[in-house]
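The values are calculated or read from the model by the stated rules, or taken from the named source; none is laboratory data. Because the structure is a prediction, the values reported are computed rather than measured. Here Cβ is always computed from backbone atoms with ideal geometry, including for glycine, and neighbour counts include all displayed protein chains. SASA here: full protein model, heavy atoms, side chains in, ligands and nucleic acids out. Shrake-Rupley method; radii C 1.70, N 1.55, O 1.52, S 1.80 Å.
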Amino acid sequence: MMKALILGIWLGIQGYLDFKYKEIPVWFSLFGGAIGMLFCVMEHRDIRQVILSCLPGVCALIFSWVSKEVMGYGDGLVLLMIGSYMSLSQIFSIVLLAFGIAGMVALVLLVIFRKTGRYRIPFIPFLSIAYGIEYVIKLGEITL
């Protein structure tokens, strides 16, 4: 429970910084990842599982480099750091939900606000929202 709360607060701060400044401090991501790795050690997580959980972040960083930052390096770094907190299936679930929410917002911006395809929206706030939704759903399952 404590790990989930720390991750939620960390993602919330990262989401706010990404939304407000369109960038995130690298040191804050590394700090969050270090705390996540500490949890890995305390929980005796299998190193292979941690490496697998970090793969979405690695793929996002490679995609950022290949696409000349269509998706920013910060997004990949945050996904990489989330890998130290969650399983691969949890990360996929949150990323898919975040892409869905971001897609709906992008559609609204395109249709209603007439933004062009070059308009950039930060992704980490959507990760934060998706994590929050997943967290609330999980809390509902525990209390039932």
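Results, tabulated for the structure shown:
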| quantity | calculated |
| --- | --- |
| Residues of region 7-29 satisfying the condition of being farther than 13 Å from Leu77 by Cα and over 14 Å from the mean Cα position of the chain (by Cα) | Lys20, Tyr21, Lys22 |
| First in region 91-107 and polar (S, T, N, Q), second anywhere and surrounded by 15 or more Cβ atoms within 10 Å (Cβ to Cβ) and assigned to a helix (DSSP H, G or I), Cβ under 7 Å, 6 or more apart | Ser93/Glu134 |
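Here is a yes/no grid of residues against (1) open to solvent by less than 30 Å² (accessible area, probe 1.4 Å); (2) without any contact (Cβ under 8 Å) to a residue 40 or more places away in the chain; (3) farther than 26 Å from Gly117 by Cβ:
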| position | (1), (2), (3) |
| --- | --- |
| Tyr16 | no, no, no |
| Gly36 | yes, no, yes |
| Val41 | no, yes, yes |
| His44 | no, yes, yes |
| Gln49 | no, yes, yes |
| Pro56 | yes, yes, no |
| Val66 | no, yes, no |
| Glu69 | no, yes, no |
